[in-house]
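Everything on this sheet refers to the single structure shown next.
The values are calculated or read from the model by the stated rules, or taken from the named source; none is laboratory data. Please read these numbers as outputs of a predicted model, since none were measured by experiment. Note: ideal-geometry Cβ built from the backbone for every residue, glycine included; neighbour counts use all protein chains shown.
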Protein chains: 2
Amino acid sequence: MKFSKKAAMLRLWLASLCLLASVLQAQDVADIPEAVRENVELLIQKGLDDTVGYAFVRDLTTEVGPRLAGSEAEARARRWATQELAELGFANIRTEPFMIPYWSRRVDRASIVSPAPQAMVITALGGSTSTPPGGVEAEVIRFENMNELRAASPDVVVGKIVFIDEKMTRTQDGSGYGMAVRKRQNCATTTSNMGGVACLIRSVGTQARRFAHTGMMARSAAIGDGPAAAVSPPDAEQLTRLLENGPVQVRLDIQVETQPEAPSGNVIAEVVGRERPEEIVLIGCHLDSLDLGTGAVDDGAGCGIVVGAAHLILSLDEAPRRTIRVVLYGAEEVGILGGHAYAKRHVNEMDQHILAAESDFGADKIWRFAYARPPSTPTASAP
Amino acid sequence: MKFSKKAAMLRLWLASLCLLASVLQAQDVADIPEAVRENVELLIQKGLDDTVGYAFVRDLTTEVGPRLAGSEAEARARRWATQELAELGFANIRTEPFMIPYWSRRVDRASIVSPAPQAMVITALGGSTSTPPGGVEAEVIRFENMNELRAASPDVVVGKIVFIDEKMTRTQDGSGYGMAVRKRQNCATTTSNMGGVACLIRSVGTQARRFAHTGMMARSAAIGDGPAAAVSPPDAEQLTRLLENGPVQVRLDIQVETQPEAPSGNVIAEVVGRERPEEIVLIGCHLDSLDLGTGAVDDGAGCGIVVGAAHLILSLDEAPRRTIRVVLYGAEEVGILGGHAYAKRHVNEMDQHILAAESDFGADKIWRFAYARPPSTPTASAP
């Protein structure tokens, strides 16, 4: 078993989450009782050497692979996780099923037809509708950003393929991503309302490789208002250079499969509390992934972190006072549908949830540790 | 017009090639006559500021794009280059046509069928044959390298898809690449001889991205002995991890188009010498590219360098003593066919070629300057 730098990063996170799960029940992080401090130190030390989290990511992504929400592969991931969590010794392992709308790509390709015929690297955005069979061919009209599109006269958009070339700004806290996905969420609708035939966006992301980043168009797993795709950064730049010389004709072919209902589910496992087992400290991640990769970072790593952290607590001599509940949500990528399903199902037990945290932001070096309790949240009793 | 770091690198090369073209006619680099030294300094200074080379690469890759040998796009590149060289003021611009066998991909895709169904990122190797329509499905057998395959009993290979997982070693002088392409050149033939159905190789290259690198299987544009594809590094690692757990079934679908004869050609332009116009200093690059990218580095950059360098010499007040001949070869990627065609056509003028150089190794920072004259080469008279 070889462990890379990434595995070490993941162990660091795992140690950190142990700390969070054990300590944040106290009123203040700085205010850790002596009896707890000992366990915290032990968990941190163990976390830095532990391999459970890394093995979880590695095996999930290898033995299952991509896990698109609602797909057979996501169901396979639930079965795989259930068995894995049982082998790790967790209690009360169960799946809470729910139904979701299903979307999946069958064909997504595009090419420049003129003046310089060549294939482009694109990927359909989640929720894209299909083009007519064989694709749609139209002139491209480029906009710097969504505001420029909105300000344009519909006359110049009618019958065209809209291309939003907005670049993403790199930020450490992820706010650049939040800004960048707006064009993904709004482009097809705005284009469709203005009479355009399809929307291309410069791929979300700050890297320059010939790779297109997918993701949902809408927030709620709804099917979008038209065909939409992300174009890799080099292809976006190629389009831009060609458009400086004159009209550019593009063919876009997107064929998708949709179903009104498909099965998803949340996988749950617990470390039962010794004193207040009905009180819940929830640590979660999402088990589903998009279809283009194996979801190792988004969110295999998050699942490795929460499962690894809970397992470390499970292996202490004494059970924690409250129940640690691990939730591997389904169907997050298509609109946080697993989270909504959990909230709906457990609506009457919400006041028993003392703390809930999710790990879904990768597993690189920790650069900030912050938490906030909404003003209305009742203060939990000290551990 | 914006110029990047890469443009600056290219200008550095351009200056360097000016030096080469102007100076290496002397018996020794160190032994530069005073009259020549002045021009050399001028060319170096001009080269560091010149934009002709960069503009050539940018416009070739934008206005033409990929230029697969024998394709309509390669023909378009010849027309584009002819016009560009005329606008730059070169003399004796012409195309020397020749015919080549043609190969092009139509479909290339592969997926793991079991135990963890998922698509892989692959690319057919140049010269690959087609699988049966719809693809071939077989168990994968992995070998560390070609020697391990050759040492295996054919019994274990029969009916299987061979997977050569050899990694490439990074070296500064390119020797690692030379080693790595051997598996590309030999895998299909060896597999076929042993009764295997297809060959997958770990993609040539030292990067870890989910991208597969293409290139010819054979040295001479011949069609290979079976279906063969490169698998991206992450997919190679996924296959390897899965094979550690048990049998892996893969479906490989490759459909190619071949033609016994297709047109290619070398584009030639000159700066005519003032004293010995019949004596030729040849600087070359190749105009064709593989089909997956726009061939900006391989070998757009080389063409930018030689055209830019020759153009600087062209813009001097006085013509050079000998003729500078720029050759943009066709069909290099499929077996240096343009080079062979040139040699065949000009076989009777070989002794008038005082020096020949090709730029086909990218345009990054210059890290070594070396040249060698074969012992049998007659020494040119001093300039």
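When B:ARG109 is tested against the conditions (1) touching a strand residue (DSSP E or B) at 6+ places or on another chain (Cβ under 9 Å); (2) surrounded by fewer than 20 Cβ atoms within 10 Å (Cβ to Cβ); (3) in contact (Cβ under 8 Å) with a residue 12 or more places away in the chain; (4) away from chain A (no Cβ under 14 Å), the lone failure is (4). Scanning the range A:69-78 finds no residues that are of a type in the set (Gly, Ala, Ser), buried (at least 20 other Cβ atoms within 10 Å of the Cβ), touching a Leu at 6+ places or on another chain (Cβ under 9 Å) and modelled with pLDDT under 95.
Residue-level check: of (1) of a type outside the set (A, V, I, L, M, F, W, C); (2) under 30 Å from A:ARG78 (Cα atoms); (3) free of Cβ contacts under 8 Å to residues at least 40 places away in the same chain, B:GLU139 misses just (3). Note on the range A:154-195: residues that are under 30 Å from A:ALA363 (Cβ atoms) and of a type in the set (S, T, N, Q) amount to 5. Across the range B:191-211, the qualifying residues are those that are under 20 Å from the mean Cα position of the chain (by Cα) and within 12 Å of another protein chain (Cβ to nearest Cβ), and the one among them that is modelled with the highest pLDDT is B:PHE211.
All of A:ASP299, A:ASP291 fail the test of being buried (at least 20 other Cβ atoms within 10 Å of the Cβ), touching a residue at least 60 places away in the same chain (Cβ under 8 Å) and within 14 Å of chain B (Cβ to nearest Cβ), apart from A:ASP291. Among the residues in the range A:116-127, are any of a type in the set (Gly, Ala, Ser), over 24 Å from the mean Cα position of the chain (by Cα) and within 14 Å of chain B (Cβ to nearest Cβ)? Yes, the conditions are met somewhere in the range A:116-127.
Does the range A:249-260 contain any residue that is free of Cβ contacts under 8 Å to residues at least 60 places away in the same chain and crowded, with 21+ Cβ neighbours inside 10 Å? No. So, in the range A:45-99, exactly how many residues are within 13 Å of another protein chain (Cβ to nearest Cβ), of a type in the set (Val, Ile, Thr) and part of a loop (DSSP other than H, G, I, E, B)? Residues flagged as within 13 Å of another protein chain (Cβ to nearest Cβ), of a type in the set (Val, Ile, Thr) and part of a loop (DSSP other than H, G, I, E, B) within the range A:45-99 amount to 1.
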